[in-house]
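Just so you know, all these numbers are worked out from the coordinates, no wet-lab data involved. Keep in mind that this is a model prediction, so the values were computed, not measured. Every residue, glycine as well, gets a Cβ built from its backbone with ideal geometry; the counts of neighbours run over all protein chains shown.
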Amino acid sequence: MAFEFITQALRQQQTQSLLRTRAVSNEAINFSANDYLGLSKHPDVIAAWQRGASEHGVGSGGSALVTGYTPAHAALEEKLADITGYESSLLFNSGYSANQALIKALLNKNDLLIQDKLNHASLIEAGVYSPATMKRFKHNDSGHLAQILTHYRPKHANSLVVTEGVFSMDGDMSDLRAISQQCKAHDSWLLVDDAHGFGVLPQGQNSLKQHGLLASDVDLYMATFGKAVGVSGAFVAASKDVIEYLVNFSKPYIYSTAMPAAMALCIDKALTIMLTETWRVVHLNQLICYFKQQCFLRNITLMPSDSAIQPLIIGDASKAIKISQYLASKGLLVKAIRPPTVPQGTSRLRITLSANHSIEDIDLLLTRLQEALNINNGGAS
Ligand SMILES: *Cc1c(COP(=O)(O)O)cnc(C)c1O
């Protein structure tokens, strides 16, 4: 029988507690979304989308090089370049495609690609399919990165180091200063995927400013609109030449229908709110401090993270699912993250906080979390 592996693979996922199902989101208090600033439901953001749709329709009608590039797209790109301090920027429909586009367009057979071990699947996968030599350095270890650069850089034409600003599953920040220094010392370019830093970090709302870096310290910057911006899509910021090169040679860019103008207007509005309603990022960071402190007082050991991503390692996949289900029964959405998204034996609750949460929401989470842990530890700890 053809394609027998399909049923087999699903059965195996089930027995290992690794089967993925898509729960239809309900009205639970959401501690799993990446909508860190609560902008996805902001009335002005919604109104911008609605007005945009009335005025420009709901589809862009083609790729950016044909009909899909409007004044709304151009203005958004300019705004993003301004916010990040780069010469130019380019819109993509998703972060996944932006990452694939960059690695595909920039690296050839004689080139070197060096990635943090914990980089997002979209980056690692692009590297696996790239003709360039890919090496991975130990998570956030600039010393190990230096060793790899020293050994491999001289044998390759171009070199690109890739890291995340804030790591998506651990919530820790990359050591960008040291990594940027290593890149400069070894004539390598640096790409930072700031999907979870953009809009969220207390210092300047991105990973460059958080570390006191300039655009000249990081050659390529990428972030998404599906996280703190609350919408969907992504952008790359870089020099004029890099952006022009992508427009000319990047297939994921050239052969994909552009985002609707209404969406570009909606993202533009969300960015304005992100930068003007600064109480959101302040409140979010207060909630982060409060949650961490309360967990400490209750002997709930979180991973070391100062970001909106606060993972609680459970270890066993089935136990992580049980705790998640218990919380769901109490009206709290806290999804379990299991391998292969995270390494074996590190299944976790990936708790994310948002500016839309209140202190009361956090207190409720703490109470229920403690109950869930007590039940599932069976008095063993
Ligand atoms: C979410 C995410 C992406 C993918 O972005 P999408 O717009 O959801 O496709 C890429 N990199 C990181 C680090 C992410 O967290």
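Given an 8 Å cut-off on Cα distances and at least 6 residues of separation, report the relative contact order of segment 278-375 as a percent.
Details: 121 pairs, mean separation 31.0, N = 98.
After rounding, I find 32 percent.
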Exercise. Computed FRET efficiency, Cβ-Cβ of Asn108 and Asn299, R0 41 Å: what is it to the nearest 0.05?
Worked result: 0.20
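Just the number, please: percent antiparallel of the DSSP beta bridges in the chain, rounded to the nearest 5.
On the way: 19 of 38 bridges.
Rounded to the nearest five, the antiparallel share is 50 percent.
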Exercise. Of Ala261, Ser17, Asn356, which is farthest on the positive side of the dipole of the chain, counting Cα position, with +1 on Lys and Arg Cβ, -1 on Asp and Glu Cβ, and the Cα centre as origin?
Worked result: Ser17
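Using mean Cβ contacts within 10 Å as the protection proxy, how do 367-376, 326-335 order, highest first? Display every interim value, and only then the final one.
Working: 367-376: 16.5, 326-335: 18.2.
Descending packing order for the listed peptides: 326-335, 367-376.
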For this session: List the relative contact order of segment 42-129 as a percent without decimals, with contacts defined as Cα pairs under 8 Å and 6+ residues apart.
Result: 17 percent
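Nearest 500 deg cm²/dmol is fine: what mean residue ellipticity at 222 nm does the chain get from its DSSP H runs of n ≥ 4 alone, each adding -39,500 (n - 2.57), divided by its residue count? Write out the running numbers ahead of the final one.
Working: 14 runs with 165 residues, N = 381.
For the chain, the value works out to -13500 deg cm²/dmol.
To the nearest 20 debye, what is the magnitude of the charge dipole of the chain about its Cα centre, counting +1 on the Cβ of each Lys and Arg and -1 on the Cβ of each Asp and Glu? All intermediate terms of the calculation are to be shown ahead of the outcome.
Working: 32 positive and 32 negative charges, 225 e Å.
Once rounded to the nearest 20, the dipole reads 1080 debye.
Out of the trypsin sites (Lys or Arg not before Pro) in segment 23-112, which ones are loop residues according to DSSP with at most 12 other C-beta atoms within 10 Å? Display every interim value, and only then the final one.
Values: sites: Lys41, Arg51, Lys79, Lys104, Lys109; in loops: Lys109.
Sites meeting the loop and neighbour criteria: Lys109.
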Exercise. Given the convex hull of the Cα atoms of the chain, what is a quarter of its surface area in nm²?
Worked result: 21.0 nm²
Exercise. Put a dot 7 Å past each Cα toward the Cβ at Ala157 and Thr257; how far apart are the dots in nm?
Worked result: 3.6 nm
Problem set entry | Chain lengthening between Arg11 and Ala185 when straightened (0.36 nm per residue, less Cα-Cα) | 57.6 nm
Problem set entry | Rel. contact order, % - alpha carbon contacts under 8 angstrom, at least six apart, the chain | 24 percent
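In a shell of Cβ-Cβ distance under 14 Å around Glu87, excluding Glu87 itself, what net charge do Lys and Arg (+1) and Asp and Glu (-1) give? It would help to have the intermediate numbers written out before the result.
On the way: positive: Lys79, Lys240; negative: Glu77, Glu78, Asp82, Asp219, Asp241, Glu244.
Surrounding charge for Glu87 is -4.
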For this session: Identify all lysines with a Cα-Cα distance to Lys251 below 22 Å; exclude those on the same chain that are fewer than 8 residues away in sequence.
Result: Lys104, Lys109, Lys240
Exercise. Which of the peptides 119-130, 276-287 is most tightly packed, and how do the rest follow, going by the mean number of other Cβ atoms within 10 Å of each residue?
Worked result: 119-130, 276-287
For this session: Pick out which of Thr84, Thr70, Thr163 has the largest mean-square fluctuation in a Gaussian network model of the chain, springs linking Cα atoms closer than 10 Å.
Result: Thr70
For this session: Extending each Cα 7 Å along its Cβ direction at Arg51 and Ser329, get the distance between those two points in nm, one decimal.
Result: 4.8 nm
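Under 10 Å from the Cβ of Cys266, count the other residues' Cβ atoms, weight Lys and Arg +1, Asp and Glu -1, and hand me the total. Let's see the in-between values first.
Values: positive: Arg51, Lys269; negative: Asp44, Asp268.
With Lys, Arg at +1 and Asp, Glu at -1, the neighbours total 0.
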Exercise. Once fully extended, how much extra length lies between Ile375 and Thr276, figured as 0.36 nm per residue of separation less the alpha-carbon to alpha-carbon distance?
Worked result: 31.2 nm
